[in-house]
Amino acid sequence: MSLEVRAIDETEFPAWLRAKRVGFLRPPVVSDEEVADRLPHTDLSRTYGAFDRGRLIATFLSFDQRLSTVGGADLAANAVSGVTVSPTHRRRGLLSRMMAADLAQAKERGDACATLIAAEYPIYGRFGFGVASWGTEWAVDVTRAGFDRRWSGPTAEDGGGRIDLSDGAEIRKEGPALHRRLAGRRAGVTGRTARGWDIGTGNAYHSEPWTEPFYAVYRNGSGEAEGYVAYTSDVKWNDAKQPVNTASVRDLIAVTPAAERALWRYVCSVDWITRVRTGSRAPDDVLPLLLPDPRAAQVVTHADMLWLRILDVAAVLEPRTYATEGTLVLDVRDAAGFAGGRYRLDASPEGGAVTSTDASPDLVLDVADLATLALGDESAVRLAALGRVEEAAPGAAARADLLLRTSLRPWSMDIF
């Protein structure tokens, strides 16, 4: 019997949630409260299921998203999430069918790209997705970091300002503007909706027990918020009756260097905290070099974060800015047919212009590899060395790096 793939209806949503939990190895129990909370925020026309004799055995959904690019503009993105296939129905092309239908709809809507966070690395390259950002988490041994443990707040030497303890309601009020400012200065930041802020501050339903974090806000000398941190702590004491607690950072957004330095100093100076887990940060985060002894920061995770699938080359490359002026002709291969073609990019610090061309290419590459270059993170020279980019004109990969790479690596802080 053939397997049916289609968008679900409202009556099938509880079963869809259960099937998703099965796919992610979570207990297959869904409460009426969870259904009532999630359903109003779910676009059922973009929520797919695969059915075998009426039983849901695969899940997939997408939603509208804004993605920041180099220079502060944002892109219309089709965010993919909730992708599962039951272990009884693997290797039958179900994901391929759901992905093809969703990307075709996204292309028709005019979305510039699609995004996702991959649970497993090898899956999504075959659909034209490439890694556009990476995330790094450090564990800081505060006792070895070298900070003055008597530090009690920013001084004029630190950039001035002050740190105030806060709560979820204030973060819900101040956070969105800070997040938008961050997206204006760093590529790879995905938008947070009002519901996302509610979930992140505990003001919404959670299927897992909610632990209220501690919040602290950095304000400059004029009282303007320039950053905040949210963190939790365990409670541990050693046999010598000494506290050995770990602070785990859930969220740290800073839009000025002074705020960033002060917030990290604050977290690393809280009494009883001997270890700090930073959460996923940009790989070029300042934290290790902020420590008097950078060896006190040990990398515990470094992995791919945001995956990008270009649907419209011009819509992705034109809004971003470039380090200098220059021209590249890109021959883009796309087996799915969404973004393939030969394009001339005329780049400048003000932005780009992309046109179709018959000119000889400088670089020949798959659409997935163009995605790894689009937000400025990867090196075309390195991809050429790997055989993933063909340098059709001598020196073209180095010229591409001069145009495309950025001084700040893209950072995608949110799982979706």
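Tally the residues that are outside any loop (DSSP other than H, G, I, E, B) and out of contact with any strand residue (DSSP E or B) (no Cβ under 6 Å at 6 or more places or on another chain), restricting the search to the stretch 67-80. Steps first, please.
Taking the stretch 67-80 as the starting set, the residues that turn out to be outside any loop (DSSP other than H, G, I, E, B) are 67-68, 74-80.
Narrowing the set further to residues that are out of contact with any strand residue (DSSP E or B) (no Cβ under 6 Å at 6 or more places or on another chain) leaves 76.
Of the residues in that region, 1 qualify.
Being of a type in the set (A, V, I, L, M), under 30 Å from Val35 (Cα atoms), in a strand (DSSP E or B) and without any contact (Cβ under 8 Å) to a residue 40 or more places away in the chain is the filter here; which residues of the stretch 199-253 pass it?
Once the filter is applied, which keeps residues that are of a type in the set (A, V, I, L, M), under 30 Å from Val35 (Cα atoms), in a strand (DSSP E or B) and without any contact (Cβ under 8 Å) to a residue 40 or more places away in the chain, the stretch 199-253 yields only Val249.
Restricting attention to the stretch 225-261, and to residues there that are over 17 Å from Trp411 (Cα atoms) and of a type in the set (Gly, Ala, Ser), which single residue is farthest from the chain's Cα centre (by Cα)? That would be Ala240.
How do the helices (runs of 4 or more DSSP H) wholly within the stretch 344-414 filter down when requiring 3 or more residues that are out of contact with any Leu (no Cβ under 8 Å at 6 or more places or on another chain), at pLDDT 95 or above and surrounded by fewer than 20 Cβ atoms within 10 Å (Cβ to Cβ): which remain? Show your work before the answer.
Numbers: elements: 367-374, 380-385, 396-404.
Filter on the stretch 344-414 gives 380-385, 396-404.
When the test is whether a residue is outside any loop (DSSP other than H, G, I, E, B), in contact with a Ser or Thr (Cβ under 6 Å, 6 or more places away or on another chain) and not hydroxyl-bearing (Ser, Thr, Tyr), Arg275 passes it. Only one of Ser207, Ser248 is within 30 Å of Val29 (Cα to Cα) and modelled with pLDDT of 95 or more. Can you tell me which? Within the list Ser207, Ser248, the selection yields Ser248. The set of residues in the stretch 3-24 being open to solvent by 60 Å² or more (accessible area, probe 1.4 Å) and in a strand (DSSP E or B) consists of Glu4, Arg6.
Residues are listed down the side, and each one gets a yes or a no for (1) touching a helix residue (DSSP H, G or I) at 6+ places or on another chain (Cβ under 6 Å); (2) at pLDDT below 95; (3) open to solvent by less than 70 Å² (accessible area, probe 1.4 Å); (4) closer than 27 Å to Lys107 by Cα:
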{"site": "Phe127", "(1), (2), (3), (4)": "yes, no, yes, yes"}
{"site": "Ala132", "(1), (2), (3), (4)": "yes, no, yes, yes"}
{"site": "Arg162", "(1), (2), (3), (4)": "no, no, no, no"}
{"site": "Glu174", "(1), (2), (3), (4)": "no, no, yes, no"}
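For Asp64, the criteria (1) surrounded by fewer than 18 Cβ atoms within 10 Å (Cβ to Cβ); (2) in a strand (DSSP E or B); (3) touching a strand residue (DSSP E or B) at 6+ places or on another chain (Cβ under 7 Å) hold in every case but one, which is (3). Summed over the stretch 303-326, the residues that are farther than 28 Å from Ile415 by Cα and open to solvent by 50 Å² or more (accessible area, probe 1.4 Å) give a count of 3. Do you know which residues across the stretch 1-26 are out of contact with any strand residue (DSSP E or B) (no Cβ under 7 Å at 6 or more places or on another chain), at pLDDT 95 or above and among the small types (Gly, Ala, Ser)? Those that are out of contact with any strand residue (DSSP E or B) (no Cβ under 7 Å at 6 or more places or on another chain), at pLDDT 95 or above and among the small types (Gly, Ala, Ser): none in the stretch 1-26. In the stretch 1-21, the residues that are without any contact (Cβ under 8 Å) to a residue 40 or more places away in the chain form Cβ pairs under 8 Å with partners that are acidic (Asp, Glu), at six or more places apart or across chains, as follows: Leu17/Glu34.
Residues that are under 18 Å from the mean Cα position of the chain (by Cα) and either surrounded by fewer than 17 Cβ atoms within 10 Å (Cβ to Cβ) or in contact (Cβ under 8 Å) with a residue 24 or more places away in the chain (or both) do not occur anywhere in the stretch 139-152.
The values are calculated or read from the model by the stated rules, or taken from the named source; none is laboratory data. Keep in mind it's a predicted model, so treat the numbers as computed, not measured. Here the Cβ is made from the backbone with ideal geometry for all residues, glycine too, and neighbour counts use every protein chain on show. What goes into the accessible areas is simple: the full protein's heavy atoms, side chains included, and nothing from ligands, DNA or RNA. Shrake-Rupley method; radii C 1.70, N 1.55, O 1.52, S 1.80 Å.
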